[in-house]
Structures are given as C-alpha cells and as structure tokens.
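Novice: Handing you a structure now.
The values are calculated or read from the model by the stated rules, or taken from the named source; none is laboratory data. Bear in mind the structure is a predicted one, so any value in this text is a computation, not a measurement. Here the Cβ is made from the backbone with ideal geometry for all residues, glycine too, and neighbour counts use every protein chain on show.
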C-alpha cells in the first residue's frame with residue numbers, strides 16, 4: 001500500500017548526528033521518489049537542505065541543555081507544547097494511509113510526542129538509533145566503571161546505580177523520563193513497529209520488555225568514501241573520523257597510535273580537541289571534511305580506528321571506510337566490528353585500555369595481513385549495510401506492513417483515540433512536572 005503522506009518526526013533539522021542525518025536522508029529519498037513527505041521538527045526548521053516539495057512543520061523549540069534548570073526538567077519529562085504541536089500535525093495531515101516515523105525525541109520533543117502519537121500507533125515506526133527506548137542512559141554502559149552494563153533496565157539495581165556520564169542527578173532525571181515514557185506509550189504492548197539498526201540490538205531491546213514481534217531490523221544506509229579499493233597495505237597513517245568528545249575515546253586512539261608508532265590523523269572536531277592537541281602534539285588535525293574531501297584523505301589510510309568508550313550499535317564511518325578497503329581497529333563489543341572481524345577485515349582490542357588497543361593497531365605492521373583485510377573489507381562488507389535505495393525500500397516495506405495490518409483490523413486510530421488523548425493530556429502534563 002502507498003503511504004500518503006509520510007510524516008517524519010525528529011528533534012532537529014540540522015544534519016548533525018546520526019539520527020537527524022538519517023531522518024533528513026529518508027525525507028529526501030522519499031520526496032525524490034514521488035511520495036508526499038512532511039518533515040516535523042522540534043527546532044526552527046531553518047537548517048535543513050531538503051527539496052522544496054518536502055513540507056516543513058517546525059515547533060521552534062530549543063534543546064534541553066540550553067534551557068534553565070527547572071524548565072529543562074519540566075520540558076524533558078513532558079513538553080506540553082510539543083504534545084499540542086504533534087496533535088495539531090496529526091489533525092492536519094492524518095489520513096487512512098498516513099504513516100508516522102519517529103526518529104529523535106529526547107532533546108526537544110520529550111516523551112510527550114509519544115503520547116500524542118499513541119493515537120496513531122498502528123501506523124507508527126519508532127526508530128531505535130540507540131538504546132534510549134530501552135536503557136535510561138541510552139547506552140547500556142556504566143560510565144563510572146567504564147564497562148558494559150548487564151543490569152535489567154529500570155530494575156531497582158539499575159535505578160540505584162550511578163552510571164551516567166554527567167552526574168547522579170542526571171541519572172535520576174533519565175530514570176524519571178524513562179518511567180514517564182513507558183507510561184505514555186508502552187513498547188511491550190504497542191501496535192507500532194520498532195526499527196532496530198542492527199540485529200545484535202534485538203536482545204538488548206527485549207531486556208527492556210520491548211516485544212520481539214514488533215522489532216524489525218533495518219540496517220543503516222552507507223555510501224562508501226570511495227568506489228575503488230584503498231591500497232591500505234601501501235599506506236602508513238591511522239585515521240579517526242568523528243566527534244572529538246570524551247565518549248568517543250579519541251584519547252585512547254591517540255595513546256594507542258603513539259605506543260604503536262603510527263601517525264594518527266583526525267577528521268572531525270569537538271570540545272576535547274584543545275586538550276588532546278596539547279597532550280598529543282603529533283596528531284594531524286584535518287577538521288570537519290565533506291564526504292568528497294574524506295575520499296581523498298583516506299587514500300592514505302592504513303586503518304581506521306573506532307575506539308568508542310560505549311558499545312557502538314552501528315558505526316557509520318566504520319562501514320564507509322571498510323567498504324572502500326580500509327581495515328578497522330575497534331573494541332570487541334562494537335557490533336559492526338564483531339561482524340567485520342569474522343569476515344577477516346577488523347582487528348579487535350580485548351578491553352578498553354590503551355595497551356590493548358595498541359596491540360590491535362600493531363597488527364597493521366604486517367603488510368600481508370593488511371592487504372588481505374583490505375580486500376576482504378572491500379569485497380564483503382557491503383552486506384553489513386543498505387544502499388540508500390535499499391534502505392528507502394525497506395522503510396517503505398515497514399509502512400506497507402503497518403497499513404495492511406491497520407486495514408485488516410479496520411483501524412481508524414486517529415478518530416478513535418484523539419478525544420481520549422486530548423482530554424487526558426493536561427492531567428498527564430501536570431503529573432509529570
């Protein structure tokens with residue numbers, strides 16, 4: 001069945017971060033394929049580069065971290081304005097064949113957007129770009145202990161553990177938000193579909209009670225940096241691509257490169273750059289670069305290092321590099337790295353220590369091993385992602401599934417639930433303040 005319209009909902013319209021970049025990409029791909037697309041954003045809607053035939057509907061809100069403390073708490077738990085805004089979007093654009101696709105919500109829209117969308121959940125896809133629908137801190141990682149967390153989400157042990165990267169009070173807020181979110185739209189009983197970006201995510205989502213029969217795996221789209229193989233065995237430099245922030249583990253990469261005697265070149269920028277530039281003066285800083293600029297730079301790559309302090313459910317740059325023949329160095333709990341290692345094109349570090357990472361980097365000293373890994377990366381890793389067109393078609397298949405199921409059940413959710421949702425929103429907003 002043909003979705004009409006496709007309503008994409010996301011916190012932001014500026015293409016910074018994976019979820020927003022993918023939300024925008026989907027809008028562009030659908031519009032170019034002739035579908036009616038509405039892009040609903042929590043920000044001003046002024047930073048996008050979408051085609052003119054995509055209708056932009058903007059809340060004009062601000063990210064939580066830019067707000068005063070008390071307002072941040074209130075809007076983070078239940079943003080009444082975002083709720084009213086989303087209800088208005090549904091009233092304006094809903095039809096029997098309308099589908100809704102929620103990407104990011106945690107920075108502006110808040111759990112209130114889920115409450116509004118409960119009225120149309122039978123035609124809703126919720127994209128799990130990370131673990132925020134399952135784990136209060138979004139990562140299944142204890143930042144205090146520097147270890148993967150195996151606790152049951154929202155259990156007493158989970159709620160009482162200070163695992164947040166910022167503070168104990170931030171963890172308390174995240175627990176409260178998760179409790180509110182579950183109350184507003186329970187993913188254990190929802191009619192919505194949850195799109196996971198990697199099959200290894202399923203068991204983690206299930207730990208939080210998300211129903212397995214509602215989870216569908218849709219691997220992210222990847223466009224390789226180059227269409228020809230990088231002859232990594234002839235190169236010497238080690239590359240890091242991404243945000244230079246503490247959680248991305250750039251310091252571990254710098255220390256590992258130093259111990260292994262490799263030049264580290266960083267494509268990207270972030271708040272940790274001044275400190276790291278002072279501590280590691282040998283780093284070559286390339287700054288933020290376009291996809292085409294990166295294509296030229298990675299011709300000199302011996303390997304790409306992805307030393308994230310938390311488990312990466314996908315790792316876009318890893319696949320962009322692998323698919324043009326650049327071997328990967330990463331930790332063993334990275335989902336993509338595990339698959340790439342099985343294919344023979346990734347070198348894994350056993351634990352999150354610079355010494356372990358350096359040992360993995362030192363495997364690049366073997367020219368024959370690097371050449372073999374490069375060929376396997378170039379030849380085999382396309383299977384670990386979608387093309388842009390393939391990703392578009394997989395999303396359309398989800399929409400078709402929802403519409404057919406709704407049609408078979410005779411659902412008209414927008415009219416069935418609208419009155420209930422509107423009448424109870426005021427009491428819900430007050431209860432969550």
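Novice: What strands (runs of 3 or more DSSP E) completely inside the stretch 1-84 contain at least 1 residues that are modelled with pLDDT of 95 or more and closer than 19 Å to residue 180 by Cβ? Walk me through it before giving the result.
Specialist: On the way: elements: 6-10, 37-41, 54-58.
Passing ranges, in order: 6-10.
Novice: For the stretch 131-149, what are the residues that are in a loop (DSSP other than H, G, I, E, B), more than 19 Å from residue 42 (Cα to Cα) and in contact (Cβ under 8 Å) with a residue 40 or more places away in the chain? Can you show your working first?
Specialist: So the first thing to find is which residues in the stretch 131-149 are in a loop (DSSP other than H, G, I, E, B), and the list is 131-140, 143-146, 149.
Add one more test, that the residue is more than 19 Å from residue 42 (Cα to Cα), and what stays is 131, 134-140, 143-146, 149.
The answer is 131, 134, 135, 136, 139, 140, 143, 146.
Novice: In the stretch 227-280, which residue that is in a loop (DSSP other than H, G, I, E, B) and touching a strand residue (DSSP E or B) at 6+ places or on another chain (Cβ under 7 Å) is surrounded by the most Cβ atoms within 10 Å (Cβ to Cβ)? Give the derivation first.
Specialist: Start the filter on the stretch 227-280 by keeping residues that are in a loop (DSSP other than H, G, I, E, B), which leaves 227-231, 235-236, 242-245, 249, 261-263, 268-272, 280.
Then drop every residue that is not touching a strand residue (DSSP E or B) at 6+ places or on another chain (Cβ under 7 Å), which leaves 230, 235-236, 244, 262-263, 268.
Numbers: 230: 25, 235: 19, 236: 13, 244: 22, 262: 23, 263: 15, 268: 20.
Among those that are in a loop (DSSP other than H, G, I, E, B) and touching a strand residue (DSSP E or B) at 6+ places or on another chain (Cβ under 7 Å), it is 230.
Novice: So if I check each of 114, 50, 64, which one is under 22 Å from the mean Cα position of the chain (by Cα), surrounded by 16 or more Cβ atoms within 10 Å (Cβ to Cβ) and free of Cβ contacts under 8 Å to residues at least 40 places away in the same chain?
Specialist: On the way: 114 fails: free of Cβ contacts under 8 Å to residues at least 40 places away in the same chain; 64 fails: free of Cβ contacts under 8 Å to residues at least 40 places away in the same chain.
Exactly one of 114, 50, 64 is under 22 Å from the mean Cα position of the chain (by Cα), surrounded by 16 or more Cβ atoms within 10 Å (Cβ to Cβ) and free of Cβ contacts under 8 Å to residues at least 40 places away in the same chain, namely 50.
Novice: Now for a different question. If we keep just the residues of the stretch 374-419 that are closer than 24 Å to residue 91 by Cβ and not in a helix (DSSP H, G or I), which is modelled with the highest pLDDT?
Specialist: 410
Novice: Out of the residues in the stretch 304-350 that are free of Cβ contacts under 8 Å to residues at least 60 places away in the same chain and on the phi > 0 side of the Ramachandran plot, which is surrounded by the fewest Cβ atoms within 10 Å (Cβ to Cβ)?
Specialist: Filtering the stretch 304-350 for residues that are free of Cβ contacts under 8 Å to residues at least 60 places away in the same chain and on the phi > 0 side of the Ramachandran plot, the one surrounded by the fewest Cβ atoms within 10 Å (Cβ to Cβ) comes out as 344.
Novice: Please go through the stretch 283-299 and give me each residue that is surrounded by fewer than 16 Cβ atoms within 10 Å (Cβ to Cβ), modelled with pLDDT of 95 or more and touching a strand residue (DSSP E or B) at 6+ places or on another chain (Cβ under 8 Å), ordered by number.
Specialist: Scanning the stretch 283-299 gives 284, 285.
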